[in-house]
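Visitor: Pasting a structure below so you can have a look.
Quick note: the coordinates plus some simple rules give every number you see, no bench work behind them. Being a predicted model, the structure only gives us computed values, none of them experimental. Cβ coordinates were reconstructed from backbone atoms using ideal geometry, including for glycine residues, and neighbour counts include every protein chain displayed.
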Amino acid sequence: MRPINHRHLFYFWRVACEGGVSAAARALHVSQSAVSVQVQHLERALGHPLFDRTGRDLSLTSEGRVVLEYAEEIFRLSTELRDTLAGRIEGRPMRLVVGLSATIPNMVAFHLLEPVFEMPDPVRTVVREKRTDRLLADLATHDVDMVLTDMPIPAHLNVRAFNHPLGASPVDIWAPPLLAHRLREGFPQSLHGEPFLLPAEGYTLRKSLEEWFDRVGVQPRVFAEIEDNDLINVFAEAGAGLFAAPAVIMADIRVRYAVELVGRAEGVFERYYAITAHRKLKHPAVAAITEQARLELAGAKSPGGPASVAG
C-alpha cells in the first residue's frame, strides 16, 4: 500500500474543518478546483468516498469521520513537533531520554545527570538502564538522546555515533573500618590475600583492577563477583571485604556507608563518555551534562579531545 499523501490529507482536513470547499479555498488562498482535486486524490488513494455531496452541502461519510480523527491527530503532532524543535511549547517540560550503561554506579550517574535538574527550564528526564550494545541500538533508532557509559563505542559495533569524552576519575579502595585500619600500612602490598569484592567479568573497572594487581604484585582473594555496583557497597558495609569505587563519589560513600578509605589505586581511572547520534550536541540538557562533567573531572588525567566518530 502506498503511503498517504499528506498534502491530500491536509486539504481534506481543512475542508472538514471549514465546512466546505469554498471556505477552505478562501482560507488557503487557492482555487476551489485545486481543493476539490486534492480531496478527490485522497478518496481514490483510500478507496472510499469521504464526503456525501448534496448540492453545495458536504457532510462526512462514516469513513470520512474516521479519516478526520486521524488527520486531527497527525496535524496536532506535526505542530507539536515543530514547536518542540523550536523550543516553544508552553507548560510542557523539555524531555531528555538517557541510556545509562549498567556498568556505571548509580551515584556516579546521579552526579553526571545533576546539571539537568538545575537547568532554568524544567526537564523531564527518562533514564533507561541496559547493556551498552542495546543502548547504542536504541540510539541508532533515536529512542534515546544520549548514552552514558564508561567506554567508547566498541569497534565491532556497526553504529553511526559519536564519542564525547567527559573525563576520568581516579579509583579508591575502601573497606570496613577495622580492615581499612589494618591495611593502610603497607598499602597496596597489604591487599595480598585479603577478601575483595570485584565487579563482574566484562566491566572495565574489573579489567583495570586486575591489571593494577599485576603491576603492584598483589593477588587479593576474590570474595565475590557482583554485577550491581551498589550491592558491592552493601556487602562491604556488612564486613565482606574490600571494594573499589571512583573518587568522584568519595563524599557520597563516606555519608552513605560505614566504610573507610584504604588508599588510591594509582594509575587506575574510570573514564566516562556521552555518546550521541550527532557530532554537535544539539540537546540543551546533553550540552549541560557534558560541560559540567568536564569541569568536575578536569583535574584527572583523561584522554579528552574532541568527539570521535564510530560506524
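Visitor: If you count the DSSP beta bridges with both ends in the chain, what percent of them are antiparallel, to the nearest 5? Walk me through the numbers on the way to the answer.
Guide: On the way: 26 of 43 bridges.
DSSP beta bridges in the chain are roughly 60 percent antiparallel.
Visitor: Residue by residue, what Karplus-based ³J(HN,Hα) values in Hz, rounded to whole numbers, does the range 129-143 have, using 6.51, -1.76 and 1.60 with θ = phi - 60° and x for Gly and Pro?
Guide: So the J values, rounded to whole Hz, are 9, 8, 5, 4, 5, 6, 5, 5, 5, 5, 5, 5, 9, 6, 7.
Visitor: Further question on the same structure: Testing the spin-label approximation: label points 7 Å from Cα along Cα→Cβ at A140 and R221. State their distance in nm.
Guide: My value for the distance between the label points is 4.6 nm.
Visitor: Pop the C-beta distance of R128 and L28 into the FRET formula with R0 = 51 Å and round what comes out to the nearest 0.05.
Guide: That gives a FRET efficiency of 0.75.
Visitor: Sticking with this one: In whole Hz and in residue order, list the ³J(HN,Hα) couplings for the range 107-123 that follow from phi through the Karplus curve 6.51 cos²θ - 1.76 cosθ + 1.60, θ = phi - 60°; x for Gly and Pro.
Guide: 5, 5, 4, 4, 4, 5, 8, 3, x, 5, 6, 9, 5, x, 9, x, 10
Visitor: Something else: Report the local net charge at H41: Lys and Arg +1, Asp and Glu -1, summed over other residues whose C-beta lies under 15 Å from its C-beta.
Guide: Residues close to H41 contribute a combined charge of +3.
Visitor: Mind giving me the FRET efficiency for A45 and K282? R0 is 30 Å, r the Cβ-Cβ distance, nearest 0.05 is fine.
Guide: 0.25
Visitor: Taking Cα pairs under 8 Å and at least six residues apart, what relative contact order does the chain come out at, in percent?
Guide: 22 percent
Visitor: So if each residue of separation counts as 0.36 nm, and I subtract the Cα-Cα distance between N106 and Q189, what length gain in nm does that give?
Guide: Working: separation 83, 0.36 × 83 = 29.88 nm, distance 2.99 nm.
Going from the current span to full extension adds 26.9 nm.
Visitor: Please identify the trypsin sites (Lys or Arg not before Pro) of the range 231-301 that satisfy two criteria: DSSP loop assignment and at most 12 other Cβ atoms within 10 Å. Which are they?
Guide: K280, K282, K301
Visitor: Out of P3, A168, M119, whose Cα points farthest toward the positive end of the dipole of the chain (charges: +1 Lys, Arg; -1 Asp, Glu; placed on Cβ)?
Guide: P3
Visitor: Filter the trypsin sites (Lys or Arg not before Pro) in the range 122-191 down to the DSSP loop ones having no more than 15 other Cβ atoms within 10 Å, then list what survives. Spell out each step's value before the answer.
Guide: Values: sites: R124, R128, K130, R131, R134, R160, R182, R184; in loops: R131, R160.
Filter output for the range 122-191: R131, R160.
Visitor: Which of these values of semi-axes √(5λ) of the Cα gyration tensor in Å was calculated from the structure shown: (i) 60, 17, 17; (ii) 32, 29, 22; (iii) 44, 22, 19?
Guide: From the options (i) 60, 17, 17; (ii) 32, 29, 22; (iii) 44, 22, 19, the structure gives (i).
Visitor: State which stretch of the chain is the longest one without any exposed GluC sites (Glu not before Pro), exposure meaning a DSSP loop state and at most 12 other Cβ atoms within 10 Å.
Guide: 202-311
Visitor: Among Q219, A238, T149, flag the residue with its Cα farthest along the positive direction of the charge dipole of the chain, charges on Cβ as +1 for Lys/Arg and -1 for Asp/Glu.
Guide: T149
Visitor: Now for a separate question. Determine the calculated [θ] at 222 nm for the chain from helices alone, applying -39500 (n - 2.57) to every DSSP H run no shorter than 4 residues and normalising by the residue count; nearest 500 deg cm²/dmol.
Guide: On the way: 11 runs with 132 residues, N = 311.
Result for the chain, helices only: -13000 deg cm²/dmol.
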